[in-house]
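For reference, the structure discussed in these notes is given below.
The values are calculated or read from the model by the stated rules, or taken from the named source; none is laboratory data. What you see is a predicted model, and the numbers here were worked out from it, not measured in a lab. Counting neighbours? That spans all protein chains shown, and the Cβs are built from the backbone with ideal geometry, glycine included. Heavy atoms of the whole protein, side chains included, go into the accessibility calculation; ligands, DNA and RNA do not. Shrake-Rupley method; radii C 1.70, N 1.55, O 1.52, S 1.80 Å.
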Amino acid sequence: MATVKLISVEEASPEIKQVYDDIRATRQSDFINNAWRAMANHPELLALIWYKAKAIMGPGGALDPATKEMIYLAVSIANGCEYCIHSHTHFARQKGMNQAQYQELLDIIGLATENDQYITAMQVPVDEEFKADR
């Protein structure tokens, strides 16, 4: 159960409706998901996060949209965000991720999680060759 009111399209202020309209136009859907409806409790933050997400997750840039969604999904899994795990799995599939890619992504996340914890526990020093300033 949400801890804040989920603002429907019908009860949205003109400021919120403007963002909702852009979400619907961008996604070519009338659906406004619960994450945006919850963020609408703070209209300025809703707009900031939507336009930032639109710029970063949109079709432009060096990464294709499905890869962007898979990266977002991996971070959501690492952060334990159930909502984001489900929504970005949906969007990654919508943008072309197939079942084999999804399974491989999960395998990589599992491997990285296990190895990161093991290496962190041992406090292994970073090789000089790997440092960005080289």
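Qualifying chymotrypsin sites (Phe, Trp or Tyr not before Pro) in the stretch 9-98, where qualification requires a DSSP coil assignment and no more than 16 other C-beta atoms within 10 Å, comprise Phe31. Less than 5 angstrom separates the built amide H of Ala40 from those of Ile7, all sequence-distant by 5 or more or on a different chain.
Give me the net charge of Ala40's neighbourhood, meaning all other residues with Cβ under 10 Å from the Cβ of Ala40; Lys, Arg count +1, Asp, Glu -1. Mind showing how you got there, number by number?
Values: positive: Lys5, Lys17, Arg37; negative: Glu11, Glu15.
Net local charge, Ala40 excluded: +1.
Summed over the residues of the chain and divided among them, the accessible surface reaches 70 Å² per residue at a probe radius of 1.4 Å.
Classify the stretch 52-109 as rounded, prolate or oblate, taking a ≥ b ≥ c as the square roots of the eigenvalues of its Cα gyration tensor: rounded when a/c is under 1.5, otherwise prolate if a/b is larger than b/c and oblate if not. Don't skip to the answer; put the middle values down first.
On the way: a/c = 1.75, a/b = 1.25, b/c = 1.40.
Since a/c reaches 1.5 but b/c is at least a/b, the shape of the stretch 52-109 is classed as oblate.
A Cβ-based charge dipole, computed about the Cα centre of the stretch 58-134 with Lys and Arg at +1 and Asp and Glu at -1, lands at about 360 debye. Other residues with beta-carbon under 14 Å from the beta-carbon of Glu11 carry, at +1 per Lys or Arg and -1 per Asp or Glu, a net charge of +1.
The GluC sites (Glu not before Pro) found in the stretch 1-96 that occupy coil by DSSP, while having at most 12 further C-beta atoms within 10 Å, are Glu10, Glu11. The computed Cα extents along the principal axes in Å for the structure shown corresponds, within (i) 40, 32, 32; (ii) 48, 28, 27; (iii) 55, 34, 30, to (iii). What you get for the chain, charging only the Cβ of Lys and Arg (+1) and of Asp and Glu (-1), is a dipole of about 460 debye around the Cα centre. The angle between the Cα long axis of helix 65-79 and the main principal axis of the chain comes to about 80°, on a 0 to 90 degree scale. Look at where the Cα atoms of the stretch 75-100 and of the stretch 6-63 average out, and the two centres are 18 Å apart. Taken one residue at a time, the phi angles of the stretch 116-131 give Karplus couplings (6.51, -1.76, 1.60, θ = phi - 60°) of 4, 5, 5, 5, 5, 4, 7, 6, 5, x, 6, 5, 4, 4, 8, 6 Hz. Gly and Pro are set to x. Here the Karplus curve 6.51 cos²θ - 1.76 cosθ + 1.60, taken at θ = phi - 60°, turns the phi angles of the stretch 98-109 into couplings of 9, 5, 5, 5, 4, 5, 5, 4, 4, 4, 5, 4 Hz, with x standing for Gly and Pro.
Note on the chain: with neighbouring protein chains present and a 1.4 Å probe, carbon and sulfur make up 58 percent of its accessible heavy-atom surface. Normalised by the number of residues in the chain, the mean separation of alpha-carbon contacts (under 8 Å, six or more apart) gives a relative contact order of 16 percent.
Determine the sum of side-chain charges near Ala74: Lys and Arg each +1, Asp and Glu each -1, restricted to other residues whose C-beta is under 13 angstrom from that of Ala74. Don't skip to the end; give the middle numbers.
Details: positive: Lys68; negative: Glu69, Glu104, Asp107, Asp116.
My count for the surroundings of Ala74 gives -3.
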